[in-house]
Structures are given as C-alpha cells and as structure tokens.
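Asker: The structure's right below; bear with me while I get my questions together.
The values are calculated or read from the model by the stated rules, or taken from the named source; none is laboratory data. Computed from a predicted structure; not experimentally measured. Note that each Cβ is placed from the backbone with ideal geometry, even for glycine, and that neighbours are counted across all protein chains shown. Calculation scope for accessible area: heavy atoms of the full protein, side chains included, ligands and nucleic acids excluded. Shrake-Rupley method; radii C 1.70, N 1.55, O 1.52, S 1.80 Å.
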Amino acid sequence: MEQVIAVKDLKKVYDRTQKTAVAGVSFEVERGQCFGFIGPNGAGKSTTLEMLQGLKKPSAGSIELFGMPWQGNEKKLRRRIAGVLQENEMYARLKVVEAVRLFASFYPDYQAIDEVLEQFNLTPQRNNWLCELSGGQRQRVFLAMAVVGKPEIIFLDEPTTGLDPTSRQEFWEILNKLKADGVTLILTSHYMDEVEFLCDTLAIIDKGTIIESGSPQDIIHRTFAEPVIKEPRKATLNDVFLKLTGFDLSGGMA
Amino acid sequence: MSHTISPKLYPFWQLMLLNVRPFFREPAAMLWTFALPVLIALLMVKAFSGSAQLQEINVAVTYNEAPDKSWRELMRDDLQVNLITLSQEQTEQLLASLADAQQEIQPSGPLQNLLAQYDSLLILNQGQIYTTGDSDQFNDKAINYLMQLKSGLSGNPLSSQQLSIVGYRYVDWLIPGIIVLQILGLALFSISNGLVSDRQQGFFKRLKLSPFKKSDYIMGVVLARLFLLSFQLLLLLAIFYFMFDFKPPGNWANIAVVLFCGSACLCLLGVLIGARSTRVEVSTGIANMLYFPLMFLSGIYFQTSYFPDVFEAFVQWLPSTAFLDAFRLVANEAAGLQQVAPQLTILAGTSVVLFIAIYLSFDWGDNG
C-alpha cells in the first residue's frame, strides 16, 4: 500500500505559554486507511491534526503528505486534502447548495454539486438555509463541502460530537463509503464505538505522546492479554482507554 | 468519482455572493445596514442644511417712551416681537449702569430679574440699541428685522429674500460629505465586525484548508460591499435629488468613478481593521479610533482650508479627504477625471498599500 502520511518526532510547544501540546509523535498512514486519534481533552489530538493540515507550524519534527513537506508545497497539497473542523458554524442564511458550490469553486477539478448532494442525502435540503438544518444534516454539509474538491485525504476533528445516534450512524456510513472509494481518513474522536467501527489503525494520545497504536483489535488484545476483566463481557476499546489513560470520557478520572 | 463536466466557478464571485446574500436574507441586517444609515444621512443633511428660523425677538423699551410711539405700536402688534416695557425703576437702574460702563453691566434687583428671563434681549433707548445675546448672527438679524419694521413707517419697506444658487448652496457642499461619511462608517465598522464574526465561527480556518486564493477573498469582500453600497448610494442620491434639489452639474459617470475608487479604498481600510482582530471589542475600538479623526479631518462638516497650513498639507493625503475633495470637485464643480487625478492617485496608492498589508497580515486561523 502507498504511504500517504509520514510523521516523525512531531513536537509542538506554544510560544506564548511554553506549554508542550505535542511531545514527539511518529506514525505513518497508508492510502485508503482510516487512522484515528483518541485521547483525553488536551492530549494533543487536535493540535496534531492541525499540524498535519498545515494550520499550525510544528516546533520540531517532520510531516510529509504524499512524500512532500508543507514547506514549498502548500498549493499542491491543499488541492489534495480537505478537512472538517470541530466548529460547525457558518453563515446561517446560506443555502446548502451555495455552501457546497462555494467550496467547489476553489478547486480546478471538482465533483458535480448535485451528485455530492445526492451522495450525502442532502438533495431534499439543497435550498434550505444552514440554520434550518439539524446538527447531523449540517455536519453532512460540511463533509460535502470538504469532499466536493475530490480530496485524497480528509481530516475530521471530532466530526460527530453532539450528534444523536442516528445521525452518527448515517455519518459513519458516509465515511465508510468514502474509505471504500480509496479516500484516506484521519479522525479524532471521543467515541470508542466510532473509532472501533471506522478506524483501521488507532493511536491513543496522552500528554502529547502516543502511548499505544495499532488496529483496534490488536490494541485490545495487547492491553488485556491476561484475563483481568471480571465482568462477563469482552473487553472493549473503552476499557483500554480507561486502563491506559486513567480517564473516564464521560467525566474526568476513572 | 464523477465524470460530469462541471461548469467553471469563479471563486471571487462565489465569495462575493457569500458576503452579499446575508444582507438580502436577514431583515435585521437590511434595517441596520441599509435603512438606518439612509435615514441618518437624511436627518443630518436636513439638520445641517436648513437656514435657521428667526427666533422670537425680545425687545425691552425704556419707560421714558423711547423709541417713538408708532414704532413701539408696530412692535407690539408683530408676532415675531415680544415687547417688554421696563418699569421706571428698571429704566433708571439700566441707564445708571450704562453710564458707568458702556459694554458691561452688572444688574441687580428688578433689572436682574428681568434679564435673567431671556437668553437674548434687545434694549431700545433713545437712539441706541443694546443687545445681550451671544449670537452676533441672531442679533444682526433681529436688529435688521426691527429696522425693517421702522422703515415701513416711512413708506419704504425693505424686502429681504435669500438667493439660492444651485451647486453653491451649503447643502450641495454638505451632501457629498454626508455620503462619504456613510461609506466610511459602513466600511470601518460593518466590514471589520463581519470579518471578526467569520473568524470566530472558524470560517477562515475552513477556507484555509481549501486551495482558495487570498486575493480572491479580499476582492470578494470588497466587491460585495461595493455592490451593496451601490444600492444605498442610488437610494440616497435619488432622495437628495428629489428632497434637496441636489442636481450636481458634474458628469454622473465621473461621479460614479470617484465613488467607486473612494469606496473601494475605504472598504479595504475596513478589511485591514478586521484582518487580525479576534474580538468585536478590538475591531470596534480600532474603527472608532480611525472614524472620528477621519470624519473631522476630511472636511465633511467644514472646509480643510480652515486648518493650519501644515495640518492642511497632511490631511490632503488622507484617503477620506482625497475621496471627498474629488467627489465635490466632480459633482459640484463639474471637474473632469483629469482634474481630480491627484486625489484618484492617492486613493489608488492607498488601496494598493492596504491590499498588500491585508494580504500579508490577515489571520486565516493558521497562526501559531
């Protein structure tokens, strides 16, 4: 498989606060993979993702996308990647079709807008304003805005946070289709079921470093090699997360 | 992936539409951005351009039957005049005071009580008129009015009529200033605050993730505002035309060119204010810091020729001054574009500098 992302000893220290957000992470991602980051709040997931997307400059280390560093290749790389941010606010009275058309206009080669709307089940809402959409519909619009430029890598920063279970399921189906089409997905999430469902490879980040990585099943087996769980159920990624980080995602220390 | 041939989309056009649409879809934006500024402009022109009505003239006559009886009767019957006859005691005190000091009196007792009631009072004594008000303009008008009444007695009434020369009236001079003031306000506050709001919503970060061109975005924002301004200006000019008889002798095409160049320059200034601000409080503070000096230094309310020479030389370089000077020249003095070339050069040069500054300093959410 072709390697599309290579990260080596990536570090980020914020100048103003001298806080180390990322303390040296290295990983590689292959084309068509879904690679996920999980970790507690402030662990460095979003900072790593923003450095990968060229939104923040690393303090040290290297990032290569498609074998190219950001320095000197920004224009080429921007045409091949896209991102969905945590923030899902935009012009309230912008129509769905207008939002997708706006982002299509930035790419020399873009997917037909009607086709994208159909792909994301947004055809009935094409003339609705963004403020009239549900959270799930709005998040699908933001994904459609990202996908319309035919990106090879899509970065998704906690894309289903705040969505109801049905909307999350719909969103996962769409991401799975994109993955099947050969698009590489890089995802951060707080939801264990989400990364378990979507990700081929996972990295668990805590205090700016990767403390565990591999496929979800490999991580579970490695972490719970011994039958330490007394409950009559199989270990899940949530168990792994709690054991490795000591954090309960629903509210602080476990 | 699709094999459909997609139509060519122009990013700056899409970005311009993005900035135009909310104004036509948001009733509140329509009200605050269009209707209210137009109303304020009308009120300002109305307030500053009208010739003041002559207030009631308070005339005090001394007890000793001065001035002559027929003039006194005419004043008593005139609705514009409030005739007050001083008592003997007041008259004596007044005459004594005037004998001591011709220009400054320190009344007391009944005279003080009387004078305290009026901001302005004309006192008629034998062959003399004293005035107490601070406004020379009012005093002159009031004395003229009384003299006209008196002249009517001799069978030679004076008539007075103001001659209004279109293009040279104060209102013709004022209207371009009010229009520039409107553009300045919209550019500095509305644009910069809009950019801050976009930044807070993460829109620029979203843009930055795509291969958009910074220049397309800047052009899109400025063109959107110019498009919106064109409606506002057409409405204002139409109202000024019909309500204030504002019919500039200049060429409308030249006026449009000057309005375009000046507005574009001020809009770029607004974009620069919002280029890095992450909070509305900051952008509004910066806009205020620029708005008031530019308003007072640009000759909107009074001519820049009143400034000291050194100061005047400096303010000529301000984009708002160059804009207004060029506007007044092409509108009121029918100047051609060649004659306002210095002002247009200042506007073009400032626009280029602002564009570069925006291009280099804009915070697209990728700093840090």
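Asker: So, of the residues in segment B:334-368 that are within 14 Å of chain A (Cβ to nearest Cβ) and open to solvent by 20 Å² or more (accessible area, probe 1.4 Å), which turns out to be modelled with the lowest pLDDT?
Answerer: Ranking the candidates gives B:Gly368 first.
Asker: In the list A:Ala43, A:Ala23, which residue meets the criterion of being assigned by TED's automatic domain parsing to the domain that holds A:Phe241 and part of a loop (DSSP other than H, G, I, E, B)? Explain how you work it out, then say what you get.
Answerer: Working: A:Ala23 fails: part of a loop (DSSP other than H, G, I, E, B).
It is A:Ala43.
Asker: Determine whether A:Glu50 is open to solvent by 60 Å² or more (accessible area, probe 1.4 Å), closer than 26 Å to A:Glu173 by Cα and not small (Gly, Ala, Ser).
Answerer: no
Asker: Limited to segment B:187-223, what total is found for residues that are more than 14 Å from chain A (Cβ to nearest Cβ) and either without any contact (Cβ under 8 Å) to a residue 12 or more places away in the chain or open to solvent by 20 Å² or more (accessible area, probe 1.4 Å) (or both)? I'd like the intermediate steps shown before the answer.
Answerer: Pass one, segment B:187-223, residues more than 14 Å from chain A (Cβ to nearest Cβ): B:187-193, B:218, B:222-223.
Now drop any that are not either without any contact (Cβ under 8 Å) to a residue 12 or more places away in the chain or open to solvent by 20 Å² or more (accessible area, probe 1.4 Å) (or both), which leaves B:189-190, B:193, B:223.
Final tally of qualifying residues: 4.
Asker: Given the conditions (1) open to solvent by less than 20 Å² (accessible area, probe 1.4 Å); (2) more than 14 Å from chain A (Cβ to nearest Cβ); (3) among the charged types (D, E, K, R), and given that B:Asp245 satisfies all but one, which numbered condition is not satisfied?
Answerer: (1)
Matching residues to (1) under 20 Å from B:Met44 (Cα atoms); (2) in a loop (DSSP other than H, G, I, E, B); (3) in contact with a helix residue (DSSP H, G or I) (Cβ under 8 Å, 6 or more places away or on another chain); (4) not aromatic (Phe, Trp, Tyr):
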position: B:Leu266; (1), (2), (3), (4): no, no, yes, yes
position: B:Ala287; (1), (2), (3), (4): no, no, yes, yes
position: B:Phe292; (1), (2), (3), (4): yes, no, no, no
position: B:Tyr301; (1), (2), (3), (4): yes, yes, yes, no
position: B:Val310; (1), (2), (3), (4): no, no, no, yes
position: B:Trp317; (1), (2), (3), (4): no, yes, yes, no
position: B:Phe323; (1), (2), (3), (4): yes, no, yes, no
position: B:Leu329; (1), (2), (3), (4): no, no, yes, yes
position: B:Gly336; (1), (2), (3), (4): no, yes, yes, yes
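Asker: Have a look at B:Pro107, B:Pro7 and point out the one that is modelled with pLDDT under 70 and open to solvent by less than 80 Å² (accessible area, probe 1.4 Å).
Answerer: B:Pro107
Asker: Now, a different point. Taking the criterion of being open to solvent by 60 Å² or more (accessible area, probe 1.4 Å) and at pLDDT below 70, would at least one residue in segment B:143-151 satisfy it?
Answerer: Scanning segment B:143-151, I find no residue that is open to solvent by 60 Å² or more (accessible area, probe 1.4 Å) and at pLDDT below 70, so the answer is no.
Asker: Looking only at segment B:183-225, count every residue that is of a type in the set (Gly, Ala, Ser) and either part of a loop (DSSP other than H, G, I, E, B) or touching a His at 6+ places or on another chain (Cβ under 8 Å) (or both) and tell me the total.
Answerer: Within segment B:183-225, residues that are of a type in the set (Gly, Ala, Ser) and either part of a loop (DSSP other than H, G, I, E, B) or touching a His at 6+ places or on another chain (Cβ under 8 Å) (or both) number 2.
Asker: Next question. Name every residue in segment A:139-167 that is under 30 Å from B:Phe23 (Cβ atoms) and either touching a Leu at 6+ places or on another chain (Cβ under 6 Å) or crowded, with 21+ Cβ neighbours inside 10 Å (or both), in order of residue number. Full working, then the answer.
Answerer: The first filter runs over segment A:139-167 and keeps only residues under 30 Å from B:Phe23 (Cβ atoms), leaving A:139-149, A:162.
Listed by number, the residues that qualify are A:Gln139, A:Arg140, A:Val141, A:Phe142, A:Leu143, A:Ala144, A:Met145, A:Ala146, A:Val147, A:Val148, A:Gly149.
Asker: Still on this structure, I have one more. Select from segment B:119-132 the residues that are buried (at least 17 other Cβ atoms within 10 Å of the Cβ) and not in a strand (DSSP E or B) and list them in ascending order.
Answerer: Here is the first cut: in segment B:119-132, the residues buried (at least 17 other Cβ atoms within 10 Å of the Cβ) are B:121-125.
B:Leu121 - this is the single residue of segment B:119-132 that is buried (at least 17 other Cβ atoms within 10 Å of the Cβ) and not in a strand (DSSP E or B).
Asker: A follow-up question, please. Select from segment B:89-104 the residues that are open to solvent by less than 100 Å² (accessible area, probe 1.4 Å) and out of contact with any helix residue (DSSP H, G or I) (no Cβ under 7 Å at 6 or more places or on another chain) and write down the one among them that is modelled with the highest pLDDT.
Answerer: By that ranking, first place goes to B:Thr91.
Asker: Follow-up. Can you tell me which residues in segment A:73-87 are open to solvent by less than 60 Å² (accessible area, probe 1.4 Å) and either among the charged types (D, E, K, R) or assigned to a helix (DSSP H, G or I) (or both)?
Answerer: A:Leu77, A:Arg78
Asker: Assuming A:Leu133 fulfils every condition listed in (1) in contact (Cβ under 8 Å) with a residue 40 or more places away in the chain; (2) within 25 Å of A:Pro165 (Cα to Cα) apart from one, which condition is it?
Answerer: With respect to (1) in contact (Cβ under 8 Å) with a residue 40 or more places away in the chain; (2) within 25 Å of A:Pro165 (Cα to Cα), A:Leu133 is out only on (1).
Asker: Here's another thing I want to ask about it. Of the residues that make up segment B:261-276, is at least one within 30 Å of A:Ser105 (Cβ to Cβ) and at pLDDT below 90? If you could, list the steps in order and put the result at the bottom.
Answerer: First, the residues of segment B:261-276 that are within 30 Å of A:Ser105 (Cβ to Cβ): B:261-276.
Imposing the further condition that a residue be at pLDDT below 90 reduces the set to B:276.
Checking segment B:261-276: at least one residue is within 30 Å of A:Ser105 (Cβ to Cβ) and at pLDDT below 90.
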